[in-house]
Amino acid sequence: MTKGMKPRIGIIGCGQIAKIRHVPELAKSEHAELAGFYDYIPEHAEVLAKQYGGKVYERYEDMLEDDTIDGVVICTSNDSHGKISVEALKQNKYVLCEKPMCMSLEEAKMVVDADKESKAFYMAAHNQRFTLAHKKAKEILKSGQMGRVLSFRCTLAHTGPENFSVNRSTSTWYLNKKSSGFGCITDLGIHKCDVISYVLAESFVRVAAIAGTRDKRDADGNFVDVYDNAACVLETESGIMGTLNLSYSNYGPMENGMFFYCENGVLRIYNNTDCALEVIMKSGEKTSYFSQANPSSNVVDTFAEAIQNQEASPVAAQESFDAMRVVFAIEESSRTGKFVEL
């Protein structure tokens, strides 16, 4: 497509994340045109097409073969992310895919390879990178004013995907290993494995974890076959140590906090309801940032603007692959009871 033109974007998978985030944000975007919808339940696509306008496709392959479509947003279950991403890239469609990339590192490598060969690019929807607080925290740490980062502490915990997905029960695909992978490790951990590395500008080199199913049960009263809780220890290449706690059984307010303990003070992210970021120096001086929530996730606009300006992927396929490696190492450690080197 020609630089400066608005890309025409199609939606593949019209479930909850598409309905509450990607579709409304695309409809408002100044950088893209919302062009079409596909869902394996046709009524889901038809409802969105009626509300926002756009074509309904009988098969996602038809969308990928449509020369008028420049890019796609993939919002299907995890087990189809890799397959559809590779097919789209081979058709030279720009891809914004919900995390995680796919269900195995072998498949993730296929996405990376397809991205290299495509005229388009792959971008994972790592939305936490685009929050004002995380971007500012990265800037502050890079400036050196906090001195060396010594350690970190991070939690992502909520009531469980059955309270967010279209299927409001524990039969949701999120709690099925075949369609989702490793439960909270895949669903929640991928966010934090990516954003911690992004903020620190460092890769992880070693992890250890304990994970299990402590609470979620199916309709027959048996534990679901994915992890609903995990406690992890991670180490970066420069020796920064930290903890990561993930949970589907937090029945209070959602926790999304991250703390960086530095030589000259502390950064607290999403710890205070009055502000998204607090910088507390050794001297006691305190600075607060962002009293208002993000107006949008910024994911779709960032994706569309990069296409429009013919820029590189805002979240490169290789970076997504690196986060996947950490997620799989966490699962391996929890399964084997050993530290895993990356």
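The values are calculated or read from the model by the stated rules, or taken from the named source; none is laboratory data. This is a predicted model, so every value here is computed, not measured. All Cβ positions, glycine included, derive from the backbone under ideal geometry; neighbour counts span all protein chains shown. The area values use the complete protein model at the heavy-atom level, side chains included, leaving out ligands, DNA and RNA. Shrake-Rupley method; radii C 1.70, N 1.55, O 1.52, S 1.80 Å.
Key figures for this structure:
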quantity	calculated
Residue satisfying all of: in segment 189-205; over 8 Å from the mean Cα position of the chain (by Cα) and of a type in the set (A, V, I, L, M); farthest from Asn245 (Cα to Cα) among these	Ala201
Of residues in segment 294-321 being of a type in the set (Gly, Ala, Ser) and open to solvent by 10 Å² or more (accessible area, probe 1.4 Å), the one farthest from Ile210 (Cα to Cα)	Ala312
Test: residue in segment 322-338 that is closer than 30 Å to His31 by Cβ, open to solvent by less than 10 Å² (accessible area, probe 1.4 Å) and assigned to a helix (DSSP H, G or I)	yes
Complete set of residues in segment 207-227 that are over 25 Å from Gly242 (Cα atoms) and either in contact (Cβ under 8 Å) with a residue 12 or more places away in the chain or among the aromatic types (Phe, Trp, Tyr) (or both)	Asp215, Lys216, Arg217, Asp218, Ala219, Phe223, Val224, Asp225
Tabulated pairs, segment 135-162, first over 30 Å from Asp218 (Cα atoms), second among the polar types (S, T, N, Q), C-beta under 8 angstrom, 6+ apart or interchain	Gln145/Asn264; Met146/Asn264; Gly147/Asn264; Phe152/Thr243; Arg153/Thr243
From the options Ser247, Ser291, Ser238, residue that is loosely packed, with under 14 Cβ neighbours inside 10 Å and touching a Cys at 6+ places or on another chain (Cβ under 7 Å)	Ser291
Filter result for Val233 (open to solvent by 50 Å² or more (accessible area, probe 1.4 Å) and assigned to a strand (DSSP E or B))	yes
Strands (runs of 3 or more DSSP E) contained entirely in segment 1-99, each with at least 2 residues that are free of Cβ contacts under 8 Å to residues at least 60 places away in the same chain	33-38, 94-97
Residues located in segment 101-140, provided they are open to solvent by 40 Å² or more (accessible area, probe 1.4 Å) and among the basic types (Lys, Arg)	Lys109, Lys116, Lys119, Lys135, Lys136, Lys138
